[in-house]
Structure formats: C-alpha cells, structure tokens
Amino acid sequence: MKKIESLSPEQIARFGEWTERYIRVGLSTEPADFDRANAAALRAYELLNLKKPMIVLRVGSPYAATVGGALAWWMLRDMKFPVRDQVWAQVRAQVRAQVRAQVRDQVRAQVRDQVGDQVWDQVGAQVWDQVWDQVWDQVGAQVRAQVRDQVGAQVGAQVRAQVGDQVWDQVGDQVGEISKAASDGYYNNYGGQLYHAGWVAFATFMRDVVGVKVDAKFSIEQDLAESCGWVWWHQNVLAISDRPAVISRDSRGRLHCEDGPAIAYRDGWKLYCIHGVHVPADVIEQPDSITVQRIDSEQNAEVRRVMIERYETSRYLLDSGAKQVMRDDYGVLYRKDLRDDEPIVMVRVLNSTPEPDGHLTYADAVAAFGEQPVALRLDTMRAIGVKVPKEPRFKDYFLRVPPGMRTAHEAIAWTFDRTPDSYAPTIES
C-alpha cells in the first residue's frame, strides 16, 4: 500500500471544522448518552475476554462514580475472588506483624502492588493499549510522519489545549484526590469526553477525511468520548459518569467564575475556580468569610493570591500591617512579604486635586501622606487659580509595582514607564 505523502488543500481546509467539532465534544454540557456509553464499555470487556461486570453504575458526576464505584467494590469484597482473597490474606498478616503507626502504609503498599496490578488494570489499561497503539500503528503505516504531525498539531493538539490542558486537568486533579480517599487512588479511570477528545479528533480526521483505515476497535474509544464524562473500570464494577451541566471559562480557556461554580454536575458536585485555580466554595460564594488571618494561614500560594484579590489587595495590605518602606512627596511605598511567593509591593498615591466625593478628610490625608505633600497639592491648586474648598476631601489609590522599587517616587515613575529623574510633574490631571 502506497503511503499518503501529503494532505490536499481540501483536507487542510477541514482542520478548523474538526477542531471545533471535538472542542464541542470535550466541553459538552449535554446529558450523557448512557446507553451508548454502556454498550461501548461492555465491548471493551468482550475485547479482553472478561466477564461482564456484576454492577454497572450510571451516576451524575466523577465524585459519585469514584465513591460509588469504590463502595460497590467493597460491598463485593466478601465474595470469593481468588486474587482478592490472596491479597487480603497477605494484608491481614502484615497488619498483625506491624505496629499500629505503620499499618496504613503497609496496607496501601500491598494493595498498590498486587490489587492495582491484578484487578483494576484488567480492563482499562489493556483496552487503551490495544485501541490506542493499534490506531497509532495503522496511522504510521499508512501516512508519512509529516502528514501525521501536521494533523496532530492542527487538530489534536488544539483540541487538547482547549479541553485537556485548560479544563480537565483541574477536574482530573480533584478526581484523583477523591479516588485516593475512596480507594487508595488505584481505581482506574478513562477520561471519556475529557482527556481523549484531542486523540479522538486526530484519529477520526485521519479515518474520515484522510482515508486511513482504522481498526474497528477504535469505535469503543470514540463512542465513550462522544457520549459520556468519565468511566471507571473494574473487574466486577463499571461506573459511568454524566457530563457536567455547567462549564465556565475565562478568555484563556481556564475554568473561571467569580460568582458561582466554574464547573457543576447534575447531582450537585461542583468545583470553584478563579483563572484555573481551584478554591474553596466560600471564597466565591461568601467572600466576606475571607479574613487576614485566613489568608496568612493559607499554604497554597495560588489560592492565597485569589483570596487576596477577593479581599482586595490594597485593603489586605493595610489590614495585615504591611511594612511602610518609605514616604515622600509622591506617595507611600508599602511592602508585604508572603510565604513561598513574591512580596506585594504597592505605592499609595494621593489624588492631585481635592474631590467633592473624596473619602479622606484633610486630617486623614495628612496622617497617611504627611502634611507637606497635602499642603503642596493645595498650594498648586491655588497657584493655578482653582478654588480650594474650606474643608477639602481627597481620594487615594494604590498601584502594584515590582518588588525592587525603593521609593514612592521611583514606583510612580515606573507606572509611567519613566525613571525618577525624568518624572517630576507639577500637577496631575
């Protein structure tokens, strides 16, 4: 068979169509087609000559699939499965032999080494080895590498960038934590519409547009990617998750919502994210619950940054007792050092002219900026013929600047892309 050497202009013109199609698949919020997903998953068991699972769970979210699947497996634990019985006999022996403090690690090690290899991987890993590897080999046999790479970069990689890299990595992290808590993290799962949308986009383009012959087993993966959320495989339990009902993202495709969950499932499981950072629900829904003490005790630097932004950075700077680096006629420079993160450095600036709706009285302004800078602004006003109110009120504002700033003058100059020597305005508008 002669290899395909290049793509035609007509085939290349369909890159965008295919990319958009599988981005829609990967980000779909339509209810799962459980019948299609169930049939595809059971074909995988047939492919491996395994008995059908005793229990098939159709659930509303990855959370329910993980916890429900683990619970179903534990409910079956008293039944006579030779591999499991052998493992548990060894586990019990280990428990008796070890001191209490070591039990947990020993049990996990035994389950990881034996159950993980002999039970959970019976289905998932073998299916995708057969499907993925065979499709890849067939593509390689029928097309030149440059054609394969061209489609991979223009279709598969773009779908992954929109779906896998930005959205589902965050979901996957949370699913991993749930799985670890529910079943020591060895409950094998398949991403369904999630991680595999990019791969399915690539393979179907090669098959349907380029004309590459692909093994019929690939239909298992395509059907799962196009019909459901996640799938959890087990020798005796199969759990299939619905798709999310809500997905909210920022302009860069990261999970993001400032007033609700960034991703939500129909059974009520939700994730709250700000620009891709997973945060506790109350950070979004109850921002008043954020306190300086809570911010300072937060161990995760990314979550801490979100909390500071929600609290308001300038407010946090003052309320947390940030160090006043120096004060000059241009403003006040503050610095707040943070654990495992870049310090917050901001310059506080007094508005050059009094404002009728200003929130600072003359006394407030003098207390914050000093008498000379305030008097200088009033004198400038009088010098240019502007009437100064009997009881002037002022506004202030904060500007974030690089940590290396040493004076307020330097910081203000930096915001105008100037050096201190070249920035010395008489009055600002």
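The values are calculated or read from the model by the stated rules, or taken from the named source; none is laboratory data. This one's a predicted model, so the numbers in the text were calculated from it and none came from an experiment. FYI the Cβ positions are ideal-geometry reconstructions off the backbone, even for glycines, and counts take in every protein chain you see. These area figures cover heavy atoms from the full protein model, side chains too; ligands, DNA and RNA do not enter into them. Shrake-Rupley method; radii C 1.70, N 1.55, O 1.52, S 1.80 Å.
Based on the mean of other Cβ atoms within 10 Å per residue, sort peptides 37-49, 216-228 so the most packed one is first.
Listed from highest to lowest mean packing, they are 216-228, 37-49.
Tell me the label-point distance for the pair residue 281, residue 359, using the 7 Å Cα-to-Cβ offset, in nm and rounded to one decimal.
3.1 nm
Heavy atoms of the protein only, probe of 1.4 Å, neighbouring chains included. What is the accessible area of residue 36 in Å², nearest 10?
Roll a 1.4 Å probe over it and residue 36 shows about 80 Å².
With θ set to phi - 60° and the Karplus curve 6.51 cos²θ - 1.76 cosθ + 1.60, what are the ³J(HN,Hα) couplings of the range 385-397 in order, to the nearest whole Hz, using x for Gly and Pro?
Taking θ as phi minus 60°, the curve returns x, 9, 6, 9, x, 4, 10, x, 10, 10, 10, 10, 8 Hz for the range 385-397.
For the range 337-389, which semi-axes, largest first and in whole Å, follow from the square roots of 5 times the eigenvalues of its Cα gyration tensor?
Gyration-tensor ellipsoid for the range 337-389: 30, 11, 10 Å.
Please report the net charge: other residues with Cβ closer than 11 Å to the Cβ of residue 407, K and R +1, D and E -1.
Spelling it out: positives minus negatives among the neighbours equals -1.
Within 10 Å, count the other beta carbons around each residue, average over each peptide in 340-346, 384-390, 153-159, and list them highest first.
So the peptides 340-346, 384-390, 153-159, ranked by packing, come out 153-159, 340-346, 384-390.
How large is the accessible surface of residue 421 in square angstrom, using a 1.4 angstrom probe and rounding to the nearest 10?
We get 150 Å² for residue 421.
Go through 270/336; 51/270; 336/395; 3/217 and tell me which ones have a Cα-Cα distance over 26 Å in this structure.
Among 270/336; 51/270; 336/395; 3/217, the Cα-Cα distance tops 26 Å for 270/336; 51/270.
Where Lys and Arg each count +1 and Asp and Glu each count -1, what net charge lies around residue 18 among other residues with Cβ under 14 Å from its Cβ?
0
Just how many % of Cα pairs in the range 190-332 lie over 23 Å apart, if you round to the nearest whole percent?
57 percent
What residues qualify as long-range amide H neighbours of residue 266, i.e. H under 5 Å apart, gap of 5 or more or another chain, H built at 1.01 Å from N?
Sorted by chain and number, the residues that satisfy this are 245.
Using a probe radius of 1.4 Å on heavy atoms only, what accessible surface per residue do you get for the range 364-429? Whole Å² is fine.
So the range 364-429 comes to 64 Å² accessible per residue, rounded to a whole number.
Taking 0.36 nm per residue of separation and subtracting the Cα-Cα distance, what length does fully extending residue 144 through residue 10 add?
Result: 46.4 nm gained on full extension.
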